[in-house]
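Okay, structure first, notes after.
The values are calculated or read from the model by the stated rules, or taken from the named source; none is laboratory data. Owing to the predicted nature of the structure, the values given are computational and were not obtained by experimental measurement. Reconstructed Cβ throughout: ideal geometry from the backbone, glycine too, with neighbour counts over all protein chains shown. With ligands, DNA and RNA removed, areas are computed over all heavy atoms of the protein, side chains included. Shrake-Rupley method; radii C 1.70, N 1.55, O 1.52, S 1.80 Å.
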Amino acid sequence: MGLVGTAVVRDGGAALPRGFWAAVRVWLEKPQVANRRLCGAAIEAEGTVPLGEGGEASSPLIAAWSGGGQEGREVSAGAAELGRLWREVRGQLPAGHGHLPPPLTPWDGTGRRSELRAVLRTLLPRGRPVGPPAPPRRELAVQDVYNGTVTFLPLEEDSEGKYQIKKCNIYQIQLTHIKDEEWSVSIVAPFPEDWFSDGIAYPKLAWLGNELLSKLAKWSVEQKPSEFKSTLSLISVAKYSKVYQDLKEKYKEMVKVWPEVTDPEKFVYEDVAIATYLLILWEEERKEKGLTKKQSFVDLGCGNGLLVHILNNEGHSGRGIDVRRRKIWDMYGPETHLEESTIVPGDSHLFPDTDWLIGNHSDELTPWIPVIAARSSCSCCYFVLPCCFFDFHGKYSRRQSKKTQYREYLDFVAQVGFVCGFRVEEDCLRIPSTKRVCLIGKNRTYPPTEHALIDKQITQYINNRQTCPVVTHDRRVGFNHKDHSEVFKEAGSELPENETETAGTVWMPGFQPREKVEQIRNCASLPRDFVDDVVLSVANLLLNATPQKSCSNMHGGNTNTWNQGESLSLKEVAEHLNKETLKRLKSEYGGLQTLLKNNHQVFEVLNGRVHIRDWRKEKPSRKTKPEVKRRLSAEAFKTRLCWFFLHHPDGCSLPSESCPYAHGTEELRQSQIIKKKKHIQ
C-alpha cells in the first residue's frame, strides 16, 4: 500500500464526517473544479452493491451519510447496468490480496455492513488546442461509509465490450478520526510504482497528493453551502463538452478580427458557451415536446450580436434587437438578423410568433422579459442571464440584508417568472463571468383558459413594485384612463423620443431605456487639469506620509535616497480629498480607483492600497530584442513627459536613457500630427 499524501484537519464546528462526504461528492460530480483539464463528469448510475455478509452497523459515519440525504439519491437509469458491471469487476478483486485497500477485500464479523455504495461516472476531458480530444474515461467509485473510504476503480473496455479494472491506477481517499477534533484525510494507491498518468483523466500521483488532497481537506471542514445550483445541472455535460468544442473551433477566428474595444476572448468564448447551452436546451425541448422544427428566438438587448449570429448559423431563425448598433454587426452578413431599435415594454413590443426570448445581460429589460414572454403568447418561453440590477422602474433597491445582493436579485427575477405563470428553473453556466446564473421559463403553471387571470396578477405585481402607488386595474400598468402623456408629465418625466404615438401601449410610466449614445464614464473624459490636480494631491499625500529623505543624486536613481513615499488605503486617500472632487469622481465608473489606475505612470493600486510606482522595480520585457530595436522602441515610446522628472522632489528614479518617458521636452518624439499637417501644406 503506497501513501500518496495525508492532511490533518481540525474540525471545530462539527463538520466531520459529514463534510468529508460532501467533499467527496464535489470530486465525484464536479472534478473540473480541481482538475482544470476536465470538462466535468457524467454520473451514469448510482446505488448499493453487495459485499460480504453481516447485519447493519450503527456507525456515526453511516448516520452522517444517510442524514445527508444521499442514500435516497438513486440514478434509476443505468441501475441494472451498475449491478451487472459490479458483478463483472468484483471477481477481478480476489479476497485476501494484501495490496488492495478495503473495501475491495470483503470483511467478516458481526455488525459490519454487507452493502457498499457505488457510483459509475464518466470523466470528460476538455478539448486540446491541437490534436484530437482525449477520450472519456469511466470510473467506478465504491464508497464504504462505515470505514470512511471511497475507492476509485478505473475501467477499460476490451474488444468484447467487457470492462477490466485498470489496477495500476486504483486509488482510495480515506477519512480517519485521530482524537477529539483532529482528523486526517489521506490518499493511498496500492500500486504506486506502476501508476500511469496521461496528464488529464489520470493525473500524476504528486498532483493527487498535493492539489487534490489540499482541496478535499479544505472542502471537508467548510460549512458554507453554495447559494447556487451546480454548473450545467439541467443539461448533459457530455453533450455540452462536445458541442462547445465544435463551436469554439468553428468561431475561434472571431477573436482575431474583433473590432470592438471589449476583450475578444472573453466575449467570443462567453457567447459560444451560452449558444452551446441554448442549443442543447432546445434540442432537449424538441425531444420532450415532439417538435421537429428548430425554435425561433428574439435576443432583447443583443449587444455585439455574436450570440444571434451563432444561433442563426446553427439553424435557428431569430433576430437581435439593441438600442445601439455595433461595429461588428457589418461583419456578420445578411444571414444574421440584427435591428437597431429602442424597446419600451408595452403592447407594441410583443412577439406572438416567437418561441424563445433571450436576455443576455439585458440590464433594464431583465425583469421585463418574463412579462413580455407571458404576454406574447401561451407558448413563448424565456432565458435570462441577469447581470446589472434593475427593477421594473429603475435601479434595483435591496430589501434583505441576509442574502448577497446577487442572490437577492436572482430571487427577484425568479419571482417575476413565477408571478407570470412560469415554472422557473435555475442553472449555472460555464462562462468567464462572475454573473453566470441563468433563469429559464420553459413551462407554464396554468392552462391557457386562465391567461386573463394571470395577466391581471402580473399587473398587480408590477403596481406593487412601483415607488409611487397607483390606482388602476388596467393592463397598462401605472396609467389611469386619461391621456397618457399627461401621466408622464405628472410623474415628472417626458415621453421617450418616438414613443408619443404609441404611448397608450406602454406598461410603465417613466421607464428609461438605455441611451442610444453610450456615455464614457471611466474617468477618461474628465478635464486634464482636474486629473492633474488629483494626481498631484494624492502623490504629495503619499510622499509626505513618511519623513522626507534628502537626495544626493537628483536624477541618478540612487536607491538609498529616492523617496518612495508610503502606501495608503483608497479610503484613507479619499478622506483627504475635498467633497467637490469626490462628488465628481463618484459620477464616474470606478471613481477614485479608476482615475489612479489610469495614471499608472505614477501610481500602483494593489489590494485596495495606493503606492507610488517605483520604475526601478518594473520587470523588463520577457522578449529580448536586438540593441538597435531596443533603442528605436525606447525612442518611439517617449511621447509623454516623465511625471517624476517634473514633480517628484527627488526627480526620476531612473536615468534618462532608461526611463520610458521624456526627461524634458527635448526628448519628446515629434508629433505625428505636426508631420501630417506639414505634408498637407
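With all protein chains present, calculate the accessible area of Lys242 using a 1.4 Å probe and round the result to the nearest 10 Å².
130
Quick one: which residues, 5+ away or cross-chain, put their amide H under 5 Å from the amide H of Arg444? H built at 1.01 Å from N.
Arg423
Please list Met508, Met331, Met254 in order of solvent-accessible area, largest first, computed with a 1.4 Å probe with all protein chains present.
Details: Met508 0, Met331 90, Met254 30 Å².
Sorted descending by solvent-accessible area, the residues read Met331, Met254, Met508.
What share of all Cα pairs of region 237-464, in percent, falls into each consecutive 5 Å distance bin?
1, 6, 14, 19, 21, 17, 12, 7, 3, 1, 0
Over region 237-464, what is the relative contact order in percent, taking alpha-carbon pairs closer than 8 angstrom and at least six residues apart?
Details: 358 pairs, mean separation 32.8, N = 228.
The value is 14 percent.
Which order do the peptides 206-212, 259-265, 607-613 take when ranked by the mean count of other beta-carbon atoms within 10 Å per residue, highest first?
206-212, 607-613, 259-265
Using a 1.4 Å probe, how large is the accessible area of Asp194, given in Å² and rounded to the nearest 10?
Its heavy atoms expose roughly 90 Å² to the probe.
Pick out, in residue order, every one of the trypsin sites (Lys or Arg not before Pro) in region 297-384 that is DSSP loop and has at most 16 other C-beta atoms within 10 Å; say none if there are none. Intermediate values should be presented prior to the final figure.
On the way: sites: Arg319, Arg324, Arg325, Arg326, Lys327, Arg375; in loops: Arg324, Arg325, Arg326, Lys327.
Qualifying residues, ordered by number: Arg324, Arg325, Lys327.
Could you tell me how many cubic angstrom of Cα convex hull volume region 385-438 has per residue? Walk me through the numbers before you get to the answer.
On the way: hull volume 4.8 nm³, N = 54.
In region 385-438, the Cα hull volume divided by residue count equals 88 Å³.
For the pair Glu265/Ser197, report the inter-label distance in nm, with labels modelled 7 Å from Cα in the Cβ direction.
2.5
Could you give the length gained by full extension between Ser569 and Ser525, i.e. 0.36 nm per residue of separation minus their alpha carbon distance, to one decimal place?
Going from the current span to full extension adds 13.3 nm.
So how exposed is Phe196, as accessible area in Å² (1.4 Å probe, rounded to 10)?
Rounded to the nearest 10, the figure is 90 Å².
Could you give each residue of region 228-237 its phi-based ³J(HN,Hα) in whole Hz, using Karplus coefficients 6.51, -1.76, 1.60 with θ = phi - 60°, and x for Gly or Pro?
Working through the residues one at a time gives 10, 5, 5, 5, 6, 7, 9, 10, 6, 5 Hz.
What residues qualify as long-range amide H neighbours of Gly346, i.e. H under 5 Å apart, gap of 5 or more or another chain, H built at 1.01 Å from N?
Trp507
So who's got an amide H within less than 5 Å of the one on Ala45, skipping anything under 5 residues away but keeping other chains? H placed 1.01 Å off N, in plane.
Sorted by chain and number, the residues that satisfy this are Leu120.
When only the heavy atoms of the protein chains count and the probe is 1.4 Å, how do Leu606, Leu543 rank by accessible area, highest first?
Details: Leu606 85, Leu543 5 Å².
Result of the area sort, largest leading: Leu606, Leu543.
Keeping all protein chains in place and using 1.4 angstrom, which order do Glu88, Glu618 fall into by accessible surface area, from largest down?
Numbers: Glu88 50, Glu618 70 Å².
I get Glu618, Glu88, largest accessible area first.
Under a Cβ-only charge scheme (Lys and Arg +1, Asp and Glu -1), can you give me the dipole magnitude of region 237-464 about the Cα centre, in debye to the nearest 20?
On the way: 31 positive and 32 negative charges, 114 e Å.
Rounded to the nearest 20 debye, it is 540 debye.
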